[in-house]
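Undergrad: Below you will find the structure I want to go over with you.
Only the coordinates and a few stated rules stand behind these numbers; no lab work does. Remember, it's a predicted structure, so these values are computed and weren't measured experimentally. Every residue, glycine among them, receives a Cβ derived from its backbone with ideal geometry; neighbour counts consider all protein chains shown.
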C-alpha cells in the first residue's frame, strides 16, 4: 500500500462528500441506534434489570448465546476441515464446492429457514431417518443449533482461506526437513499460524448466529423457555406493545455484538502484528 | 486518459490462486541429509498428508457441505415442484404473489439506488483523503452488519411507531411510514447500508489518487474527473457492491418483518410471503416464491464469481 493516499490531496470534494457521508450515516444508522439506547432510559435501573433477569428473557438469551457458541465451535472444526480440503487438495468438484460455501451468505434467511425445516421435519428427507433413530431435530433446540451451523459456515471458511493460501510453504518444508512428522508440522507449525484467522472466523460466526432470526424461527419450535431465541422474544414483546421490554433485550444483544466487533478488531491487529509481510 | 497507475501492490485474491498438492515441481524440496532412511515419496510430498487422511478430510468436507448447504437448496426446488409445473406456475400467478414480487422489486430499487449513491460518495471521502478518525468512520459504516436484523427493524419502530419519538407528529400530519413502503425501504436501506461502500473503499484506496490528480491538474472538473477517470477504474467493484446489496435487499426478512405489519397484498415482500404461506401449510406456494429467491441467490453467486475474476484480472494488469 505504498501509493495509498496523498498527504495533502489536491482533489476536490472532500468537504462535500464528507458532509454528505456524515449526514446520511447519522440519519440512517446513528440516530436510530441512539434512539434505541435512549428508549432504555425510560426504564429505571430496577425495571431494566427486572426485564433482563426475568425467567423468559434469561432463557431466551441462554438459548441464543449458548447454541450460537456451540454452533460456532462446530463451524470452527468443520470450517477448518473444509478450508484444508479446498486449499490443499485437488478433487473432482472442488471449484463447485468452493462456490457452494457462499450459499448460506446468499440465500435469503427465510428461504433457508423453511428449507431446513422441511428437510428435518418428521417426514423430511433427513428428519424421517433421524426420527427412526429417536432423534428429533425440527421444533427442538437441536433445530436451532442446525440452522445456526448452516448460517455460520462461510464465516470460518472465508476468513481462514486467504491466510492458508498465503502461508509460506518454506516454513512447513523446513519443519519437515528438520525431521518433524507431518502430524507435528500441521499441529505445531501450520495451525498455530492460522489461529488469529480461526478465532476471527469463529467470532464472526458466533455474532451472526446470536442475531440470526429468519433461518432459525421456522425450525425452532419457539417454545418459551425452551426453544425461544432472543430476537424472537423481541418481536413478541413488540407485538404486545411492550416496547421498553423489547428495547432492553435489544440493548443487551447490541452491547454483546459490539463487544464481539471490538474483539475481532483486536484479533485483526494481532494477526497483522504477527505477519509483518502484509 | 492513459496514465499509468504506477506500482500497485495488491493482495492476492482468492480465486486466482491454483493450490497444489504436489510442490515438487514448483519448489524442489530441500535434500534431507540427516534422515537418509526417509523414503523418496515422502520427500516429494512434504506438504501433504498420507492418502487415507486426505480421503477422510475430503469426504468430511464434501459430506458436510452436501448435507448442510446443498440439500436445503434441493429441498426448495423439490418442494416447489412437488405438485407439478402447473401448480408451481399457478402459485406464482396468484395476485398475492405478484404484489409481493412487485413490492420486493420496488424496495430493492429504492435501497440499491440510495446505497449506491451513498456508497460512492463515502468511498470517495474515505479513500481519496487523509483525515483523523477514518478507522472509526469505516467501523460505523460497517455497523449494520453486526446488528441483528430484528433490532434493525426495531429501531425504526421506536422512531416512527405510534409510541415512537416521531409517531404522534407523523399521525397528526397523516404520514404513514411504519407498516408501509417507506418503513420497509428504510429498514432495508439500514441492513444493506455497508455493501457498496465496503466493495469500493479497499479498491479505491489501492488505486491511489495519482490519476485523479493528473486529471485535475490538466484542467478537468471534479465531476469530470470522477466520471471519466475514477468510475471506469471502479466499475467492476461498483457492480460487485450493487450485486450483493441487491441480493440482501430482496432477501431481507427479519428487519422487514418487524416494520411491515404483514398487510396482505400490500406490505408483504417475497420473504414475508414465504413465511405466511408456510405457516398456512401452503407448501407449494411458499416454496414456489422461495424458489425464485433461491434462484436469485444462485445467479448472484455466479455473477459474483465472474466479477471476482474480473477484479483479479484488473489487478493483474495493473501489477505488471
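Undergrad: Which shape class applies to region A:127-278: rounded if a/c is under 1.5, otherwise prolate when a/b exceeds b/c and oblate if not, where a ≥ b ≥ c are the square roots of the Cα gyration tensor eigenvalues? Working shown, then result.
TA: Details: a/c = 4.22, a/b = 1.76, b/c = 2.40.
Because a/c hits 1.5 or more and a/b fails to exceed b/c, region A:127-278 counts as oblate.
Undergrad: Expected output is a single nm value to one decimal: the length gained when fully extending between residue A:42 and residue A:30, i.e. 0.36 nm times separation in residues minus the C-alpha distance. What is it?
TA: Numbers: separation 12, 0.36 × 12 = 4.32 nm, distance 1.92 nm.
This chain segment gains 2.4 nm when fully extended.
Undergrad: Hey, another quick one. Eigenvalues of the Cα gyration tensor times 5, then square-rooted: what semi-axes does that give for region A:85-130, in whole angstrom, largest first? Please report the intermediate quantities before stating the final value.
TA: Working: eigenvalues 149, 49, 8 Å².
Here the semi-axes work out to 27, 16, 6 Å.
Undergrad: Can you bin region B:114-156 into rounded, prolate or oblate? Criterion: square roots of the alpha carbon gyration tensor eigenvalues sorted a ≥ b ≥ c, rounded for a/c under 1.5, prolate for a/b above b/c, oblate for the rest.
TA: On the way: a/c = 3.71, a/b = 1.79, b/c = 2.07.
It comes out oblate by the Cα gyration axes.
Undergrad: Follow-up. Per residue of A:170-182, how many C-beta atoms from partner chains lie within 10 Å of its own C-beta, taken as a mean?
TA: Values: counts 2, 0, 3, 7, 2, 1, 10, 10, 4, 4, 1, 0, 8.
Average per residue, whole number: 4.
Undergrad: Now a separate question. List B:188, B:135 from most exposed to least, where exposure is judged by having the fewest other Cβ atoms within 10 Å. All intermediate terms of the calculation are to be shown ahead of the outcome.
TA: Values: B:188 29, B:135 10.
By the 10 Å Cβ count, ascending, the order reads B:135, B:188.
Undergrad: Which order do the peptides B:55-63, B:288-296 take when ranked by the mean count of other beta-carbon atoms within 10 Å per residue, highest first?
TA: Details: B:55-63: 16.9, B:288-296: 24.3.
Packing order, densest peptide first, comes out as B:288-296, B:55-63.
Undergrad: Still on this model: Between residue A:54 and residue B:299, how many nm apart are label points set 7 Å from Cα along the C-beta direction?
TA: Placing both labels 7 Å along Cα→Cβ, they lie 4.5 nm apart.
Undergrad: Related question: Give me the percent of Cα-Cα pairs in region A:95-205 that sit more than 20 Å apart, rounded to a whole number. Walk me through the numbers on the way to the answer.
TA: Working: 3544 of 6105 pairs.
Every Cα pair in region A:95-205 considered, those over 20 Å come to 58 percent.
Undergrad: Just A:169, A:92, A:129 to compare: in a GNM of chain A, with alpha carbon springs under 10 Å, which one fluctuates most?
TA: A:92
Undergrad: Note down the nm distance, to one decimal, between modelled labels 7 Å out along Cα→Cβ at residue A:272 and at residue B:235.
TA: 3.3
Undergrad: To the nearest whole number, what is the average tally of beta carbon atoms from other chains within 10 Å of the beta carbons of peptide A:251-263?
TA: On the way: counts 1, 0, 4, 7, 0, 2, 6, 3, 0, 1, 5, 1, 0.
Mean number of neighbouring Cβ atoms from other chains: 2.
Undergrad: Follow-up. Taking only the C-alpha atoms, wrap a convex hull around region A:110-164 and report its volume per residue in Å³ as a whole number. Working shown, then result.
TA: Working: hull volume 5.3 nm³, N = 55.
Enclosed volume per residue, from the Cα hull, is 96 Å³.
Undergrad: I've got another one for you. Exposure proxy check: B:204, B:270 ranked by fewest other beta carbons within 10 Å? It would help to have the intermediate numbers written out before the result.
TA: Working: B:204 22, B:270 27.
Least crowded to most crowded, the residues run B:204, B:270.
Undergrad: Another one. If contacts are Cα pairs under 8 angstrom and at least 6 residues apart, what is the relative contact order of chain A in percent? If you can, show how the numbers build up before the last one.
TA: On the way: 288 pairs, mean separation 78.5, N = 278.
Answer for chain A is 28 percent.
Undergrad: Could you check which residue among A:33, A:254, A:25 shows the biggest mean-square fluctuation in a GNM of chain A with a 10 Å Cα cutoff?
TA: A:25
Undergrad: For A:116-125, what's the mean count of beta carbons from other chains sitting within 10 Å of each residue's beta carbon?
TA: Numbers: counts 4, 3, 10, 9, 3, 0, 0, 0, 3, 6.
Average per residue, whole number: 4.
Undergrad: Helix-derived [θ] at 222 nm for chain A: sum -39500 (n - 2.57) over DSSP H runs of at least 4, divide by residue count, nearest 500?
TA: -23000 deg cm²/dmol
Undergrad: Given 5 Å bins starting at zero, what is the percent of C-alpha pairs of region A:62-148 in each, up to the one with the largest pair distance?
TA: With a bin width of 5 Å, the distribution comes to 3, 13, 16, 19, 21, 17, 9, 2, 0.
Undergrad: List the pair-distance distribution P(r) of region B:45-175, using every Cα-Cα distance, as the percent of pairs falling in each 5 Å bin from 0 up to the bin containing the longest distance, rounded to whole percents.
TA: Here the calculated profile for region B:45-175 is 2, 7, 7, 8, 10, 12, 12, 12, 12, 9, 5, 2, 1, 1, 0, 0.
Undergrad: Write down, largest first, the equivalent ellipsoid semi-axes of the protein assembly as shown in whole Å, where each equals the square root of 5 times an eigenvalue of the alpha-carbon gyration tensor.
TA: Working: eigenvalues 313, 225, 112 Å².
Equivalent ellipsoid of the protein assembly as shown: 40, 34, 24 Å, largest first.
Undergrad: With the cut-off at 1.5 for a/c, could you classify chain A from its C-alpha gyration tensor as rounded, prolate or oblate?
TA: Details: a/c = 2.04, a/b = 1.16, b/c = 1.76.
Since a/c reaches 1.5 but b/c is at least a/b, the shape of chain A is classed as oblate.
Undergrad: Determine, for each peptide in A:10-16, A:74-80, the mean count of other beta carbons within 10 angstrom over its residues, then list the peptides with the highest first.
TA: On the way: A:10-16: 14.6, A:74-80: 21.3.
Most protected by this proxy first, the peptides run A:74-80, A:10-16.
Undergrad: Taking neighbour counts of Cβ atoms within 10 Å as a proxy for exposure, in what order, fewest first, do B:244, A:38 appear? Could you put the intermediate results ahead of the total?
TA: Numbers: B:244 22, A:38 12.
Ranking B:244, A:38 by Cβ neighbours within 10 Å, fewest first, gives A:38, B:244.
Undergrad: Over the C-alpha atoms of region B:232-320, what are the Rg and the largest Cα-to-Cα span, Dmax, in Å?
TA: Values for region B:232-320 (Cα only, Rg and Dmax): 17.7, 59 Å.
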